[in-house]
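Trainee: Right, I'll just put the structure down here and ask away after.
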Amino acid sequence: MTTSFSELHLSTTLQYALEKMGFTEATPIQAQTIPLALQGYDVLGQAQTGTGKTAAFGIPLIETASLEEEQIQSLVITPTRELAIQVAEELNRIGAAKGIRSIPIYGGQDINRQIRSLKKRPQIIVGTPGRLQDHIQRRTIRLQGIQQVVLDEADEMLQMGFREEIEAILSRIPSERQVLLFSATMPNDIRALAKKFMNDPKEVKIKAKSLTIANIKQAYIEVTPRQKFDALCNLIDFQRPELAIVFGRTRRRVDELVEGLSKRGYSVEGLHGDYSQAHRDRVIKSLREGRIDIMVATDVAARGLDISNISHIYNFDLTHDAEIYVHRIGRTGRAGKEGTSVTFVTPKERDDLRNIERVIKKKMKKIQVPSAKEVTVGHQLFAVNELINVAKNKQHHQFIDLAEKLLEENDAVTLLSAALKMITKETDQTPVQISHDSGLRKRSSNNKRSSDNRRKGKRNFSSSRRQQRRNKAYS
Ligand SMILES: Nc1ncnc2c1ncn2[C@@H]1O[C@H](COP(=O)(O)OP(=O)(O)OP(=O)(O)O)[C@@H](O)[C@H]1O
Ligand SMILES: [Mg+2]
């Protein structure tokens, strides 16, 4: 059953904006949560990655926003800076026809510049918890006019140690506000937060067999740590992703992978918390615009990022947190597109893989790493296809005279095979050393991301500060 936006009784201005964006029908999470949010209920919304949760909260915010009121009306809180930028952009697209403006507010950007843009009185602010707190304390953001608060990826913000900031922000917002909370994953501690700060929320969970979306083909390979890098190159060469994200465990791993892949001739950039915000913005933009083919990232890129042409996710390092896994692979297969993920598993990590499969309720398919010979054949087939496509699309006319001349003195097979040799990518064997990584550490009872803790619904607050430091490292 499908729901059109007109059935949701949206204003014609908004329907027009959505049509212009190419949104013809509401996704299930939108169909179920938009009416509730428009009626003023608090909403807890859970749906798989890439299924339109941003517009599910964005549409009601914009529909109810008023152009007359000269103050901030809605606040959206996101865990990462990249996400704040992306969500503000999507809200601006939805709100443009009505004249509703959203601005992103995040750490790493000049605060005075942000203060100047706040003076232009946007109706919606999308920010990361730390920087929002900063503005609230400076009184450059005033909360008394806020009618709606959205927590996007609330579970991640708690995991990152932002509980204090979020609670502090929520406790300063007028109590008659509406709170909307969205994520693809809803661990138990979110419900505790919801109980404390939401008013009898309506819970909407889009039913699915698995936590992960069906249009992502999920595979894994078994490799030793030493084989990982060559396996990655072979997979990339064989699968030929349109755009790919490779997830590494640490910043150092990410740096080494970027260096190694560049040495082998791939067009690649890295993303992690040590880079300046300007660099991070450039990398995301390059990937969006297809100026690079591969982004290697820490989990800072695991949540919410929406780049439609990402066709492949490589989990170079396994995560033992099934929720992180869900979000990582969810960077592909968005808005109905197909995607592929390949997870690298060392012999020691087999149990962790099984644990993820159990939590997501889906088995991954074991595949073999393509051999060097298969990769070579793949390169050759690709070259042949390229050649045939150029011929089919008649892009070769200016070479016809030259070809005829060449054929007077040489035979066709020799010439054609020489041409194929020239356009076939050669497998690059440049030696690359990636530092030894001891793999996943044993789960400890102190680890907040440990599934054991979650199962018991137990939270470990004592490590909150440590976690916060880690999150700064991470974001
Ligand atoms: N009704 C719709 N019709 C067509 N495309 C849509 C619709 N709603 C959203 N989209 C598009 O789908 C893509 C994914 O949406 P969005 O980023 O909101 O997903 P999400 O559910 O928040 O995923 P994640 O859990 O990874 O954050 C976006 O490019 C968005 O513009
Ligand atoms: Mg999202």
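The values are calculated or read from the model by the stated rules, or taken from the named source; none is laboratory data. Quick caveat, the model's predicted, so the values are computed rather than measured. Cβ: placed from backbone, ideal geometry, glycine included. Neighbour counts: every protein chain shown.
Trainee: Would you tally the residues in region 292-311 being over 22 Å from residue 52 (Cβ atoms) and within 16 Å of ligand 1 (Cβ to nearest atom)?
Mentor: 4
Trainee: Of the conditions (1) under 28 Å from residue 87 (Cβ atoms); (2) buried (at least 17 other Cβ atoms within 10 Å of the Cβ); (3) touching a strand residue (DSSP E or B) at 6+ places or on another chain (Cβ under 7 Å), residue 205 satisfies every one except a single condition; which number is it?
Mentor: Condition not satisfied by residue 205: (2).
Trainee: Which condition number in (1) within 24 Å of residue 210 (Cβ to Cβ); (2) out of contact with any Lys or Arg (no Cβ under 7 Å at 6 or more places or on another chain); (3) assigned to a loop (DSSP other than H, G, I, E, B) is the one that residue 317 fails?
Mentor: Unmet for residue 317, out of (1) within 24 Å of residue 210 (Cβ to Cβ); (2) out of contact with any Lys or Arg (no Cβ under 7 Å at 6 or more places or on another chain); (3) assigned to a loop (DSSP other than H, G, I, E, B): (2).
Trainee: So, one more: Which one of the conditions (1) crowded, with 24+ Cβ neighbours inside 10 Å; (2) under 17 Å from residue 8 (Cα atoms) does residue 63 fail to meet, given that it meets all the rest?
Mentor: The number of the failed condition is (1).
Trainee: Here's another thing I want to ask about it. So which helices (runs of 4 or more DSSP H) stay within region 120-237 end to end and still have 3 or more residues that are away from ligand 2 (no atom under 16 Å from the Cβ) and either more than 30 Å from residue 434 (Cα to Cα) or of a type in the set (A, V, I, L, M, F, W, C) (or both)?
Mentor: Qualifying helices (runs of 4 or more DSSP H): 129-138, 163-171, 188-197.
Trainee: Do you know which residues across region 280-291 are modelled with pLDDT of 95 or more, away from ligand 1 (no atom under 16 Å from the Cβ) and not basic (Lys, Arg)?
Mentor: Selection gives 283, 286.
Trainee: Output yes when any residue across region 8-25 is within 10 Å of ligand 1 (Cβ to nearest atom) and either in contact with a Ser or Thr (Cβ under 8 Å, 6 or more places away or on another chain) or not assigned by TED's automatic domain parsing to the domain that holds residue 93 (or both), and no when none is.
Mentor: yes
Trainee: Let me ask something else. Do any helices (runs of 4 or more DSSP H) entirely within region 1-119 hold 2 or more residues that are of a type in the set (D, E, K, R) and out of contact with any Pro (no Cβ under 7 Å at 6 or more places or on another chain), and if so, which?
Mentor: The qualifying helices (runs of 4 or more DSSP H) are 12-20, 53-64, 81-95, 111-119.
Trainee: Looking at 254, 246, which one is over 30 Å from residue 43 (Cα atoms), assigned by TED's automatic domain parsing to the domain that holds residue 306, hydrophobic (A, V, I, L, M, F, W, C) and in a strand (DSSP E or B)?
Mentor: 246
Trainee: Identify all residues within region 28-71 that are without any contact (Cβ under 8 Å) to a residue 40 or more places away in the chain and either among the hydrophobic types (A, V, I, L, M, F, W, C) or near ligand 1 (Cβ under 10 Å from one of its atoms) (or both); write none if there are none.
Mentor: Those that are without any contact (Cβ under 8 Å) to a residue 40 or more places away in the chain and either among the hydrophobic types (A, V, I, L, M, F, W, C) or near ligand 1 (Cβ under 10 Å from one of its atoms) (or both): 30, 31, 34, 38, 55, 58.
Trainee: Counting only residues that are among the charged types (D, E, K, R) and out of contact with any Leu (no Cβ under 9 Å at 6 or more places or on another chain), which one in region 72-104 is farthest from ligand 1 (Cβ to nearest atom)?
Mentor: Restricting to residues being among the charged types (D, E, K, R) and out of contact with any Leu (no Cβ under 9 Å at 6 or more places or on another chain), the top hit is 81.
Trainee: Then there's this: Within region 388-399, is even one residue assigned to a helix (DSSP H, G or I), touching a Ser or Thr at 6+ places or on another chain (Cβ under 6 Å) and modelled with pLDDT under 95?
Mentor: no
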